Amino acid sequence: MELISPSELAKEKLHAVQEYSLLAGRSVGNLFGHPRYLADTLQQADIIGVGSLSIVVLTGFFTGAVLALQTSSTLQQFGSLSLTGQVVSLSMVRELGPVLTGLMVAGRNASGMASELGSMMVTEQIDAMRALGTDPTKKLVTPRVVAAVVMLFFLTIISDLVGVGGGFMVATLVLNLDANQYWTMAYQSLAFKDVLMGLTKPVFFGFIIATVGCYYGLSARGGTQGVGRATTQAVVASSVLILATNFFVTKLLIAWIT
Amino acid sequence: MSTTLSPPRSAAASTAEQRGAIITFEDVAIEFEEKMVLDGVSFDLKQGETKCLLGIAGAGKTTILKLVLGLIKPDRGRITVLGEDVSAMPEEELFDLRRRIGMVFQESALFDSLTVEENVAFRLMEESNLPEEEIHRRVVEVLRFVELEHTLSKVPSELSGGMRRRVAIARAMVSEPEILLYDSPTGGLDPITSTTIIELIVKQRDVYKTSSLMVSHRLQDGFMMASHYFDTAANEMRPLALASRTDVHTTFLVLRDGKVIFDGTLAELAASRDEYIREYIA
């Protein structure tokens, strides 16, 4: 294995950050110029949104269910089992819904984007597109970014709802809680700031998933091995970025809202 | 009072136009990973001329085509294409220029998720407001030129290597570009299919008279192009008679280690006393 000097490595990383920032900036800038690829955006919305629906529903349901199970034993010790609905809805809406949906969609779609664009890159299809006078960032990147941001927003809402439903199943069937009490607690505990926090995050996460997926795809070099490497890197980088961004966005929103 | 200012044109671009050149390379150099790929390359491509770029693998032939399109930038020197200095143009401005140039990639580079019709129509659908019927008519017309009008609804994976190359030629010429660039159009094909592709390029050259650069590592491709013409009446390629005065406007450029070692006609190439060239054409 070839050893790289620390300064060269730092330069490489800095260059990668610069390239990523330029791509992310262009993907937003393209929204204000022509042409706009509505058909491509709708196609991507179908792939990202409808395509991810099943995994998001399953993840949301089982997360809500296990949350109810895990918290019930602690709540029971304090005689507060009736608060299960509140715990599940607050946790799902503020944190688990957006983050887990983001991670699942990243696993499914950041990898998909990286492999698709990576394959196009190594087979010169991206160069062919540029040679035909079409800007790949307008045709390929911006539609994916728009679709990911919009669809992740709605997928998060679905995940939150299904998660609270999963908690409800456990609360009524396993913990024998009153259904009306569960839903009342779940609904009444939610304030505007919780919903705002829960629905601001997917906008950031969707942007990260699409831009990171496209960046690694368009940076793929070296045939099928390069495409495989780009795919793995896209999933790892987007997942880590989602978790890190989640911390900072939460911190900012807590400071801003409260 | 308002005045319209035209963009400043470089002195090099004006000089190139005066020479009748539509592509000019002046002392162009580029290196990849500390390896000099092109080193001081200079040449002109004149209007209506077809130039065959010859050289061994890694000589920098494909790099020249990518430089013409502005897909990569030179480290040194100036490249003028259709009066524009592509070595100094930003990517955004290059898209307009690229629409006036057609490129056939080495491995065809067809969009594998699109059908043959969508591949060929790609540029027309992107850049114009042509009605669908008109786009379809032009696609069928250009596919008929490459004798593949029956493959409209097929996807590239259903085509043979030679058919893919012909679709790539159709895609490059559908918008009637002013320059055509061929990157090893016969690479990896059997001799019979290679001849079919060369016949198509000769047909394109003699029917539409488009200026072109053709990269090849097969000497016989260039020789065939320089020694044949397309007979439109018979719809086939025919050899030029020895005493023929027909000028097929085909010249050769030989690269060695990133430098131009020959730029001239077939007769001059055959008469060259350069040892490397003699060995290369032997």
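The values are calculated or read from the model by the stated rules, or taken from the named source; none is laboratory data. None of these values were measured; they are calculated from a predicted model. No Cβ is skipped: glycine too gets one built from the backbone with ideal geometry, and neighbour counts run over all protein chains shown. These area figures cover heavy atoms from the full protein model, side chains too; ligands, DNA and RNA do not enter into them. Shrake-Rupley method; radii C 1.70, N 1.55, O 1.52, S 1.80 Å.
Tally time: how many residues in region B:114-126 are more than 9 Å from chain A (Cβ to nearest Cβ) and either under 21 Å from B:VAL68 (Cβ atoms) or under 20 Å from the mean Cα position of the chain (by Cα) (or both)?
Looking only at that region, the number is 4.
Of everything in region B:175-206, what is outside any helix (DSSP H, G or I) and open to solvent by less than 10 Å² (accessible area, probe 1.4 Å)? Give them in sequence order.
Those that are outside any helix (DSSP H, G or I) and open to solvent by less than 10 Å² (accessible area, probe 1.4 Å): B:ILE179, B:LEU180, B:LEU181, B:TYR182, B:ASP183, B:SER184, B:PRO185, B:THR186.
Determine if region A:233-251 includes at least one residue that is surrounded by fewer than 17 Cβ atoms within 10 Å (Cβ to Cβ) and over 18 Å from A:VAL99 (Cβ atoms).
Within region A:233-251, not a single residue is surrounded by fewer than 17 Cβ atoms within 10 Å (Cβ to Cβ) and over 18 Å from A:VAL99 (Cβ atoms).
Tally time: how many residues in region B:97-113 are facing chain A (nearest Cβ under 7 Å), farther than 26 Å from B:GLY58 by Cβ and in contact (Cβ under 8 Å) with a residue 60 or more places away in the chain?
Residues meeting the conditions: 1.
Among residues belonging to region B:269-282 that are touching a residue at least 12 places away in the same chain (Cβ under 8 Å) and within 26 Å of the chain's Cα centre (by Cα), point out the one that is surrounded by the fewest Cβ atoms within 10 Å (Cβ to Cβ).
Residues of region B:269-282 that are touching a residue at least 12 places away in the same chain (Cβ under 8 Å), as a first pass: B:269, B:274, B:276-277, B:280-281.
Narrowing the set further to residues that are within 26 Å of the chain's Cα centre (by Cα) leaves B:269, B:276-277, B:280-281.
Working: B:LEU269: 24, B:TYR276: 14, B:ILE277: 19, B:TYR280: 18, B:ILE281: 17.
Within region B:269-282, the match that is surrounded by the fewest Cβ atoms within 10 Å (Cβ to Cβ) is B:TYR276.
Any residue at all in region B:147-170 that is under 25 Å from B:LEU82 (Cβ atoms) and open to solvent by 40 Å² or more (accessible area, probe 1.4 Å)?
Scanning region B:147-170 turns up no residue that is under 25 Å from B:LEU82 (Cβ atoms) and open to solvent by 40 Å² or more (accessible area, probe 1.4 Å).
Please list, ordered by residue number, the helices (runs of 4 or more DSSP H) wholly in region A:34-150 having 2 or more residues that are in contact (Cβ under 8 Å) with a residue 12 or more places away in the chain, more than 22 Å from B:ARG171 (Cβ to Cβ) and within 22 Å of the chain's Cα centre (by Cα).
A:38-45, A:51-77, A:84-91, A:97-105, A:111-122
For region B:142-162, state whether one or more residues are hydrophobic (A, V, I, L, M, F, W, C) and either free of Cβ contacts under 8 Å to residues at least 24 places away in the same chain or closer than 30 Å to A:LEU22 by Cα (or both).
No, the conditions are met nowhere in region B:142-162.
For region B:246-268, what are the residues that are open to solvent by 20 Å² or more (accessible area, probe 1.4 Å) and of a type in the set (Phe, Trp, Tyr)?
B:PHE262
Taking A:VAL164 as the residue in question, decide whether it is surrounded by 20 or more Cβ atoms within 10 Å (Cβ to Cβ), closer than 30 Å to A:VAL66 by Cα, more than 14 Å from chain B (Cβ to nearest Cβ) and not small (Gly, Ala, Ser). Outline the logic, then answer.
Details: surrounded by 20 or more Cβ atoms within 10 Å (Cβ to Cβ): yes; closer than 30 Å to A:VAL66 by Cα: yes; more than 14 Å from chain B (Cβ to nearest Cβ): yes; not small (Gly, Ala, Ser): yes.
Against the criterion (surrounded by 20 or more Cβ atoms within 10 Å (Cβ to Cβ), closer than 30 Å to A:VAL66 by Cα, more than 14 Å from chain B (Cβ to nearest Cβ) and not small (Gly, Ala, Ser)), A:VAL164 qualifies.
Which condition does B:ALA282 not pass, out of (1) modelled with pLDDT of 85 or more; (2) over 19 Å from B:GLU49 (Cβ atoms), if it passes all the others?
If we test B:ALA282 against (1) modelled with pLDDT of 85 or more; (2) over 19 Å from B:GLU49 (Cβ atoms), just (1) comes out false.
Do we have A:GLY118 as within 14 Å of chain B (Cβ to nearest Cβ), out of contact with any Lys or Arg (no Cβ under 6 Å at 6 or more places or on another chain), farther than 19 Å from A:ALA39 by Cβ and buried (at least 24 other Cβ atoms within 10 Å of the Cβ) here?
Values: within 14 Å of chain B (Cβ to nearest Cβ): yes; out of contact with any Lys or Arg (no Cβ under 6 Å at 6 or more places or on another chain): yes; farther than 19 Å from A:ALA39 by Cβ: yes; buried (at least 24 other Cβ atoms within 10 Å of the Cβ): yes.
Considered against the rule, which asks whether it is within 14 Å of chain B (Cβ to nearest Cβ), out of contact with any Lys or Arg (no Cβ under 6 Å at 6 or more places or on another chain), farther than 19 Å from A:ALA39 by Cβ and buried (at least 24 other Cβ atoms within 10 Å of the Cβ), A:GLY118 comes out as yes.
Looking at (1) within 13 Å of chain B (Cβ to nearest Cβ); (2) open to solvent by 40 Å² or more (accessible area, probe 1.4 Å); (3) more than 21 Å from A:GLY29 (Cα to Cα), can you tell me which one A:ALA131 breaks?
(2)
Anything in region B:26-61 that is open to solvent by 40 Å² or more (accessible area, probe 1.4 Å) and closer than 19 Å to B:ARG100 by Cα? List them, or say none. Working first, answer last.
Step one: filter region B:26-61 for residues open to solvent by 40 Å² or more (accessible area, probe 1.4 Å), giving B:26-27, B:31-36, B:39, B:42, B:46-47, B:56-58.
B:LYS46, B:GLN47, listed by residue number.
Going through region A:167-221 one residue at a time, which ones are hydroxyl-bearing (Ser, Thr, Tyr), surrounded by 21 or more Cβ atoms within 10 Å (Cβ to Cβ) and more than 22 Å from A:PHE153 (Cβ to Cβ)?
A:TYR182, A:TYR216
Consider only pairs whose beta carbons are under 6 Å apart and that are at least six residues apart or on different chains; among these, list those whose first residue lies in region B:193-215 and is at positive phi and whose second residue is outside any strand (DSSP E or B).
Partner pairs satisfying both residue conditions: B:LYS209/B:GLY48.
Which residues, counting only those in region B:146-159, are under 22 Å from the mean Cα position of the chain (by Cα) and closer than 23 Å to B:MET237 by Cα?
Keep residues of region B:146-159 that are under 22 Å from the mean Cα position of the chain (by Cα), which gives B:146-148, B:156.
Hits for region B:146-159 are B:VAL146, B:GLU147, B:LEU148.
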